[in-house]
Amino acid sequence: MSLEMMAFPGALTILSLAMALAFIRLMRGPSLPDRVIALDLIATLAVGMIVLYAMAIDQPVLLDVALALALLSFLGTVAFARYLERSHRP
Amino acid sequence: MKEIVSLVLIAIGAALMLIAGIGLLRMPDLYTRMSAATKATTMGVGSILLAAAVHFSEPAIAARALAVIAFALLTSPVAAHMIGRAAYFTGVPLWKGTVINELRGRYDPRTHALESIRFPELERRLADLQVYRLRVPAESVVIGKTLAEIELRKRYNVTLLAIFRGPHVIANPEGDVQLLAGDELILIGSHERLREAVDLIYQSS
């Protein structure tokens with residue numbers, strides 16, 4: 001068991017903790033943009049987890065999954081922002 | 001050696017992402033939360049991907065990891081800007097301790113077009129004069145005092161052009177106007193003297 005192999009569970013735990021914190025913000029809000037950035041952070045943390053997992057099981061093909069998820073989360077955030085700004089008419 | 005580098009990068013990345021999570025939960029308003037979350041995640045994902053590039057140490061895989069980093073660096077600021085803009089336009093409140101809100105009163109609420117209230121012509125001709133806009137903090141010594149008592153002109157050679165107070169604008173205010181917490185002042189004067197006047201306004205009582 002290499003030193004690096006022992007680091008993955010620790011790093012994944014830290015990322016899970018960060019995800020739990022982001023999830024609390026997602027539930028609390030209070031505004032819709034707060035929830036959108038919480039979702040964005042959760043997606044980013046998922047990208048980090050996938051990359052860590054790819055290293056842990058030595059499967060570089062999972063990096064493509066990370067790329068696809070990063071792309072999707074960006075498009076989702078942009079769509080939310082457009083929708084938010086357009087739906088608001090003072 | 002390779003292992004140590006990738007280990008250090010993983011540790012940095014995980015720590016930054018934890019900071020992002022804590023920042024997102026603990027910061028007082030949306031804009032500061034966004035600031036904490038986006039910076040730390042960009043760097044966090046960046047270092048974890050760099051770790052992956054080092055770990056697999058194959059050119060094709062490293063290139064893929066670098067492509068994801070480049071993508072994150074490009075998209076994260078764009079997404080943050082769009083969300084921040086949408087939030088500002090829809091009226092998500094700023095933290096009560098916010099000192100400067102340079103956007104206030106500068107955009108058309110219907111078209112969402114921004115416009116500047118700088119005075120380029122004036123500032124070019126009077127090279128050493130500047131126009132400042134600042135908010136009176138909640139604990140300032142000037143709160144409750146009248147402009148005649150503060151003597152901005154006499155003491156600092158600084159002129160108060162207008163006060164933004166909630167929805168009202170008090171243009172060219174008289175000496176008997178009292179300053180309140182949260183007032184936004186438009187000041188004109190030389191850079192150094194303006195700094196002194198700003199220092200006075202930021203002094204807490």
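Could you list, ordered by first residue, the pairs with Cβ atoms under 8 Å in which the first is in the stretch A:75-87 and facing another protein chain (nearest Cβ under 8 Å) and the second is surrounded by fewer than 17 Cβ atoms within 10 Å (Cβ to Cβ) and outside any helix (DSSP H, G or I), at least 6 apart or interchain?
The qualifying pairs are A:84/B:90; A:85/B:90; A:85/B:112.
Right, residue A:38: within 14 Å of residue B:17 (Cβ to Cβ), within 7 Å of another protein chain (Cβ to nearest Cβ), in a helix (DSSP H, G or I) and touching a Lys or Arg at 6+ places or on another chain (Cβ under 7 Å) or not?
Yes; evaluated as a whole, the condition is true for this residue.
Can you tell me how many residues in the stretch B:54-68 are in a helix (DSSP H, G or I) and surrounded by fewer than 23 Cβ atoms within 10 Å (Cβ to Cβ)?
Residues that pass the stated criteria total 10.
Scan the stretch B:65-78 and give yes if some residue there is within 19 Å of the chain's Cα centre (by Cα) and in contact (Cβ under 8 Å) with a residue 12 or more places away in the chain, otherwise no.
yes
Among what's in the stretch B:69-122 and is hydroxyl-bearing (Ser, Thr, Tyr) and at pLDDT below 70, pick the residue that is surrounded by the most Cβ atoms within 10 Å (Cβ to Cβ).
Narrowing the stretch B:69-122 to residues hydroxyl-bearing (Ser, Thr, Tyr): B:75-76, B:88, B:90, B:98, B:107, B:111, B:116.
Within this subset, residues satisfying the condition of being at pLDDT below 70 are B:107, B:111, B:116.
On the way: B:107: 15, B:111: 7, B:116: 8.
Step by step, filter the stretch B:69-122, then rank; the result is B:107.
For the stretch B:20-44: of the residues being more than 7 Å from every other protein chain (Cβ to nearest Cβ) and under 18 Å from residue B:72 (Cα atoms), which is surrounded by the fewest Cβ atoms within 10 Å (Cβ to Cβ)?
Within the stretch B:20-44, the match that is surrounded by the fewest Cβ atoms within 10 Å (Cβ to Cβ) is B:35.
Answer yes or no as to whether residue A:52 is within 22 Å of residue B:43 (Cβ to Cβ) and either within 7 Å of chain B (Cβ to nearest Cβ) or crowded, with 21+ Cβ neighbours inside 10 Å (or both).
Here the answer is yes, as residue A:52 does meet what is asked.
With free of Cβ contacts under 8 Å to residues at least 24 places away in the same chain, among the aliphatic types (A, V, I, L, M), surrounded by 21 or more Cβ atoms within 10 Å (Cβ to Cβ) and in a helix (DSSP H, G or I) as the only criterion, which of A:66, A:11, A:20 stands out?
A:66
The values are calculated or read from the model by the stated rules, or taken from the named source; none is laboratory data. This one's a predicted model, so the numbers in the text were calculated from it and none came from an experiment. Heads up, the Cβs are rebuilt from the backbone with ideal geometry, glycines too, and the neighbour counts pull from every protein chain shown.
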